[in-house]
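To start, the structure itself, in structure tokens.
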Amino acid sequence: MTPDLMEEGARRLQRAAHPVATGATASGGREAGFSHIATPGEVDVTHGRILYLEEVSVSFDGFKAINKLSLDIAPGELRCIIGPNGAGKTTMMDIITGKTRPDSGTVFFGSTIDLLRHTEPQIAQLGIGRKFQKPTVFEQLTVFENLELALKTDKRVRPSMAFRLDSAQRDRLAEVLQTIHLAGSERRLAGNLSHGQKQWLEIGMLLMQDPKLLLLDEPVAGMTDEETARTAELFLTLKGRHSLMVVEHDMGFIKTISEIVTVLCDGAVLAQGTLDEVQADERVIEVYLGR
Ligand code: ADP
Ligand code: MG
């Protein structure tokens, strides 16, 4: 075993034995003794899937927002999700991240982690990061401080009064600054950034925790054309290292980044394929593109 693996193993054991002292959440602490609660680590993708939803349904006051939705994503894939308003795109992300519990169905992270048995903070710790529509950076802090904060609030990092970045963390921060096109802007106040830059900073905060799967809900809404083009570039650099699920209405953006596009409608998959394929599909044109 390499020293790195040994260290990781030791940390996991320590977390299991002293969940609260090592920074696990209260519920994580309560449940840490049960074997079905996974700790952050490798996701088993031996079956070629990092995310797997089968026959998932949820109703709100009798209305089926998600209706027997089945969908899976390969490791390193950049999946685009399109579909009319009310199709259930955001609700699907709520289910994956543990914010909403489905009435029925299966949601797995890799082959072995049943996400329906984990809480929202546990799911984040497992390596699923989520970007909401509106940027939620800390405006009164600098770009650097926002990224540093993302590490401090990472439950995998031991909390400490005198938090100092170690050299690996400093390297990671510098790398993330490059990736999100904010190298050289680290001393700027987040509040003074453009809308697009705030969105990139928030993506950077997610990247600091090195998520395995990133869910992004309408990431280019409100961006200028140039910011949209740079965001496409950014997403293309992220795929491979991370798996991404991107909900967007901007077809030019989708065209630049897409491999497989899934069309959601009435809480289920209406069509799936390349953008050209789904754009040529009569049913897709009727419910979405032909408006
Ligand atoms: P999309 O993101 O594709 O536009 P949503 O997932 O936001 O669609 O919504 C799907 C449907 O579920 C909509 O009709 C919406 O009003 C409804 N819905 C979503 N969340 C809730 C909720 N918490 N309570 C009641 N209805 C909801
Ligand atoms: Mg939505």
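The values are calculated or read from the model by the stated rules, or taken from the named source; none is laboratory data. Source: prediction; values computed, not measured. So basically every Cβ, Gly included, is an ideal-geometry build from the backbone, and we count neighbours across all protein chains shown.
Sort through ASP210, ASP225, ASP266, ASP250 and tell me the only one that's more than 18 Å from the chain's Cα centre (by Cα), away from ligand 1 (no atom under 16 Å from the Cβ) and not aliphatic (A, V, I, L, M).
Numbers: ASP210 fails: more than 18 Å from the chain's Cα centre (by Cα); ASP266 fails: away from ligand 1 (no atom under 16 Å from the Cβ); ASP250 fails: away from ligand 1 (no atom under 16 Å from the Cβ).
Exactly one residue qualifies, and that residue is ASP225.
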Failed condition for GLY98, given (1) at pLDDT 95 or above; (2) under 18 Å from the mean Cα position of the chain (by Cα); (3) in a loop (DSSP other than H, G, I, E, B); (4) more than 16 Å from ligand 1 (Cβ to nearest atom): (4)
All positions within segment 63-92 that are at positive phi and within 13 Å of ligand 2 (Cβ to nearest atom): GLY83, GLY86, GLY88
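Return yes when ILE81 is more than 16 Å from ligand 1 (Cβ to nearest atom) and surrounded by 15 or more Cβ atoms within 10 Å (Cβ to Cβ) and no when it is not. So that I can check it myself, show each step before the final result.
Working: more than 16 Å from ligand 1 (Cβ to nearest atom): no; surrounded by 15 or more Cβ atoms within 10 Å (Cβ to Cβ): yes.
So ILE81 fails the test.
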Which numbered condition ALA87 misses (of (1) crowded, with 21+ Cβ neighbours inside 10 Å; (2) in a loop (DSSP other than H, G, I, E, B); (3) more than 16 Å from ligand 1 (Cβ to nearest atom)): (3)
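Identify, from the list ILE128, ILE123, ILE95, the residue that is within 16 Å of ligand 2 (Cβ to nearest atom), surrounded by 15 or more Cβ atoms within 10 Å (Cβ to Cβ), touching a residue at least 12 places away in the same chain (Cβ under 8 Å) and not polar (S, T, N, Q). Show your work before the answer.
On the way: ILE128 fails: within 16 Å of ligand 2 (Cβ to nearest atom); ILE123 fails: within 16 Å of ligand 2 (Cβ to nearest atom).
The unique qualifying residue is ILE95.
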